[in-house]
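The values are calculated or read from the model by the stated rules, or taken from the named source; none is laboratory data. As the structure is a prediction and not an experimental result, all values here were calculated from the model. All Cβ positions, glycine included, derive from the backbone under ideal geometry; neighbour counts span all protein chains shown.
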Amino acid sequence: MVQKTKATKKTTASGATKKAPTKKAATPSTSKSKKTKVTQAVPGPSTVQLKAGREAPAFSLPNQDGKMVSLSQFKGKKVVLYFYPKDDTPGCTKESCAFRDGMDEIRDCGAVVLGVSGDSVDSHKKFAKKFNLNFPLLSDERKTVLQAYGVWKEKSLYGRKFMGIERTTFIIDEQGKIDDIFQKVKVDGHLEEVLGELDIMP
């Protein structure tokens, strides 16, 4: 009698039956796409240094009513061009109201007043209306005129550095040339400084 030998099955790596991996269904992303906030680049500090005797840089800017005002339209008059940091802040309000209150004396000297800051036309309109300002406030949101007059500078407050307007006043003569420059203006007594300069101008 022949005894049958039961063959032993060997499972080898090559012969093993593998199950195909189950593919997971793609799960739709639940994260919302983030909107990229576009911010306007802040220009660097102005390197311009204007001096008395130079031609005042020409400009055209909108006033508080949205009407364009150009320096050239004041040829034949003296111009008090003052740059201030921000509408409706204590120092700027005091300075602007001083010019408002001294307007009769300024006009007697044959001069006009123009205020300039980086605030919007709408901000200027509210500021002028709130304090009954009787002269144009010009809006330079792009900082082009601030740069041209050298008043856009790096400032420091409580150890924090930032870009801003250095309070400055230019006195421009009837021919459009700079007669005098008041830098880092102290608000108290500034109107009297300006009137004194206007009075001695030929």
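Condition (residue is of a type in the set (Ser, Thr, Tyr) and out of contact with any strand residue (DSSP E or B) (no Cβ under 6 Å at 6 or more places or on another chain)) applied to segment 168-188: is it met by at least one residue? Don't jump to the end; show me each part of the working.
Taking segment 168-188 and keeping what is of a type in the set (Ser, Thr, Tyr), we get 168-169.
Among the residues that remain, those that are also out of contact with any strand residue (DSSP E or B) (no Cβ under 6 Å at 6 or more places or on another chain) are: none.
For segment 168-188, residues of a type in the set (Ser, Thr, Tyr) and out of contact with any strand residue (DSSP E or B) (no Cβ under 6 Å at 6 or more places or on another chain): absent.
Can you tell me which residue within segment 165-180, out of those that are crowded, with 19+ Cβ neighbours inside 10 Å and not in a loop (DSSP other than H, G, I, E, B), is farthest from the chain's Cα centre (by Cα)?
179
Find the residue count for segment 99-129, including only residues that are closer than 25 Å to residue 195 by Cα, in a helix (DSSP H, G or I) and touching a Ser or Thr at 6+ places or on another chain (Cβ under 9 Å).
Here the count works out to 3.
Do the conditions hold for residue 135, that is, is it part of a loop (DSSP other than H, G, I, E, B), closer than 22 Å to residue 196 by Cβ, at pLDDT 95 or above and not polar (S, T, N, Q)?
yes
Could you tell me which numbered condition residue 153 fails, if it satisfies all but one of (1) modelled with pLDDT of 95 or more; (2) not in a loop (DSSP other than H, G, I, E, B)?
(1)
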